[in-house]
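Only one structure is covered here, and it is reproduced in the block below.
The values are calculated or read from the model by the stated rules, or taken from the named source; none is laboratory data. Bear in mind the structure is a predicted one, so any value in this text is a computation, not a measurement. Don't worry about glycine lacking a Cβ; one is built from the backbone with ideal geometry, like all the others, and counts go over all protein chains shown.
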Amino acid sequence: MFRVSLFSGALAAAVVLGVVSNGAEPPKEEAKKYPIILMANRYLGNRDTNLVTEVTINGTSLGDFEASREVDVTNLIKPGNNTVVFATTVKGPAEPHNHIEFKIGAVQVLPRTKQRIIRPLLMAYRSDKDWSATPEGEFTHPFGPNPKTPNKKTVVISYNFDYAGCEGDLREIKEGDYVLKAHSYLAANPSVVPTIAVNGKSLGSFHGGERQMPVTELLKAGDNEIRIASEAVANQLADIDITFDLFGPVTYDIERKEFVGPKVTSLKAMQGWKRNKTSHVLEVAGKPGELKVERVVNFRLESAPK
């Protein structure tokens with residue numbers, strides 16, 4: 001059973017995102033309506049962090065992040081494929097510990113409270129993922145500074161994603177809709193970046209956090225499909241999956257004050273991947289060396305959605 005609140009958003013903090021090749025480009029006026037912001041929040045605001053992260057979007061560096069700040073990246077994000085790079089470098093001991101949480105997405109202002117939120121949340125990244133402290137109090141990372149590579153000080157995480165606009169996420173859910181909901185095992189740093197298309201229409205890439213959008217107009221009576229293309233993220237050891245659930249038709253529960261409905265189908269972004277036991281790198285199951293998986297989930301609706 002699906003439950004969806006009337007409003008879902010992430011409190012202003014930092015992220016970015018993307019789209020599938022055959023999807024329509026987001027309208028140019030959308031940039032004026034929904035500016036895209038990168039927000040960087042230092043977890044403990046009164047404590048320095050010794051993990052300094054440089055952020056680069058489509059080849060443009062936003063500089064080093066050591067404290068909380070935000071940057072308007074509307075002009076850097078383009079329809080279709082984008083590349084966002086987080087390069088984190090050690091500048092001191094592991095203690096006292098602190099980190100920065102990055103989010104990229106469209107900024108909305110709630111009419112009643114004037115609170116700023118990010119909706120949709122397109123990308124979420126934590127600078128301390130996979131980092132830990134040695135007994136001597138120094139930083140170590142499985143793909144960074146460690147006994148195998150003691151002189152390596154920087155870990156680079158690069159994300160490729162397709163941007164399909166924000167309108168789908170911001171469309172209001174109504175009685176009888178079919179709703180696709182995406183949620184990650186943890187809120188940031190997915191192990192693979194999935195790009196979704198429903199019956200040939202791209203919804204773009206998904207990266208951390210939670211998103212939901214009505215897809216009723218994309219479905220039809222009879223056979224339907226959800227196509228997922230996922231790409232592995234290098235230099236990350238933690239396995240963090242993203243789950244997609246399609247619910248519908250939904251109905252509004254007046255007691256719970258939310259939409260609820262049966263699950264139609266479900267899929268996970270990490271299906272088809274396995275981690276190499278020697279190198280600890282994610283690989284396509286049965287196809288070492290490949291870094292992309294594409295598969296199709298078919299389902300059938302007895303009648304046309306209304």
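For region 279-288, a residue qualifies if it is at pLDDT 90 or above and either over 21 Å from S230 (Cα atoms) or charged (D, E, K, R) (or both), and exactly one does: E283. Entry remark, region 211-238: residues being under 23 Å from the mean Cα position of the chain (by Cα) and either free of Cβ contacts under 8 Å to residues at least 40 places away in the same chain or closer than 22 Å to V296 by Cα (or both) number 16 in total. Of all residues in region 260-291, exactly one satisfies the criterion of being within 30 Å of K148 (Cβ to Cβ), of a type in the set (D, E, K, R) and buried (at least 16 other Cβ atoms within 10 Å of the Cβ), namely E283. So for region 265-275 (the condition being outside any loop (DSSP other than H, G, I, E, B) and at pLDDT below 90), does at least one residue qualify? Taking every residue of region 265-275 in turn, none turns out to be outside any loop (DSSP other than H, G, I, E, B) and at pLDDT below 90. Among the residues of region 96-112, is there at least one that is more than 30 Å from E172 (Cβ to Cβ) and not in a loop (DSSP other than H, G, I, E, B)? Checked against the condition, which is being more than 30 Å from E172 (Cβ to Cβ) and not in a loop (DSSP other than H, G, I, E, B), region 96-112 yields at least one hit. The set of residues from region 127-139 being of a type outside the set (F, W, Y) and in contact with a His (Cβ under 6 Å, 6 or more places away or on another chain) comprises S127, D128, D130.
Annotation: of all residues in region 145-173 being without any contact (Cβ under 8 Å) to a residue 60 or more places away in the chain and part of a loop (DSSP other than H, G, I, E, B), the one that is surrounded by the fewest Cβ atoms within 10 Å (Cβ to Cβ) is N151.
Can you report the number of residues in region 210-233 which are in a loop (DSSP other than H, G, I, E, B) and either buried (at least 21 other Cβ atoms within 10 Å of the Cβ) or out of contact with any Ser or Thr (no Cβ under 7 Å at 6 or more places or on another chain) (or both)? Going through region 210-233 one residue at a time, the tally reaches 3.
Across region 276-304, the qualifying residues are those that are touching a strand residue (DSSP E or B) at 6+ places or on another chain (Cβ under 6 Å) and either among the polar types (S, T, N, Q) or part of a loop (DSSP other than H, G, I, E, B) (or both), and the one among them that is farthest from I173 (Cα to Cα) is N276. As for region 30-41, it holds at least one residue that is of a type outside the set (D, E, K, R) and at pLDDT below 65. Residue pairs whose Cβ atoms lie under 6 Å apart, separated by 6 or more positions or on different chains, with the first residue in region 110-133 and free of Cβ contacts under 8 Å to residues at least 60 places away in the same chain and the second part of a loop (DSSP other than H, G, I, E, B) and surrounded by 13 or more Cβ atoms within 10 Å (Cβ to Cβ), are A133/A94. Elements of the type strands (runs of 3 or more DSSP E) sitting completely within region 38-77 and holding at least 3 residues that are in contact (Cβ under 8 Å) with a residue 24 or more places away in the chain and among the aliphatic types (A, V, I, L, M): these cover 51-57. With the structure loaded, tell me whether E66 is crowded, with 17+ Cβ neighbours inside 10 Å, charged (D, E, K, R) and over 30 Å from P194 (Cβ atoms) or whether it fails that test. Against the criterion (crowded, with 17+ Cβ neighbours inside 10 Å, charged (D, E, K, R) and over 30 Å from P194 (Cβ atoms)), E66 qualifies. Quick check: anything in region 151-158 of a type outside the set (V, I, T) and within 16 Å of the chain's Cα centre (by Cα)? Yes, there is a match, as at least one residue in region 151-158 is of a type outside the set (V, I, T) and within 16 Å of the chain's Cα centre (by Cα). Assess whether T243 counts as being in contact (Cβ under 8 Å) with a residue 24 or more places away in the chain, more than 30 Å from P145 (Cα to Cα) and either surrounded by fewer than 15 Cβ atoms within 10 Å (Cβ to Cβ) or within 20 Å of the chain's Cα centre (by Cα) (or both). Considered against the rule, which asks whether it is in contact (Cβ under 8 Å) with a residue 24 or more places away in the chain, more than 30 Å from P145 (Cα to Cα) and either surrounded by fewer than 15 Cβ atoms within 10 Å (Cβ to Cβ) or within 20 Å of the chain's Cα centre (by Cα) (or both), T243 comes out as yes. On the given criteria, is D128 among the acidic types (D, E), surrounded by 18 or more Cβ atoms within 10 Å (Cβ to Cβ) and assigned to a strand (DSSP E or B)? So D128 does not fit the description; no.
On the stretch given as region 40-56, residues that are over 14 Å from E70 (Cα atoms) and of a type in the set (D, E) total 1.
Selection of region 184-209 for residues being surrounded by fewer than 19 Cβ atoms within 10 Å (Cβ to Cβ) and closer than 29 Å to S303 by Cβ yields N199, G200, K201.
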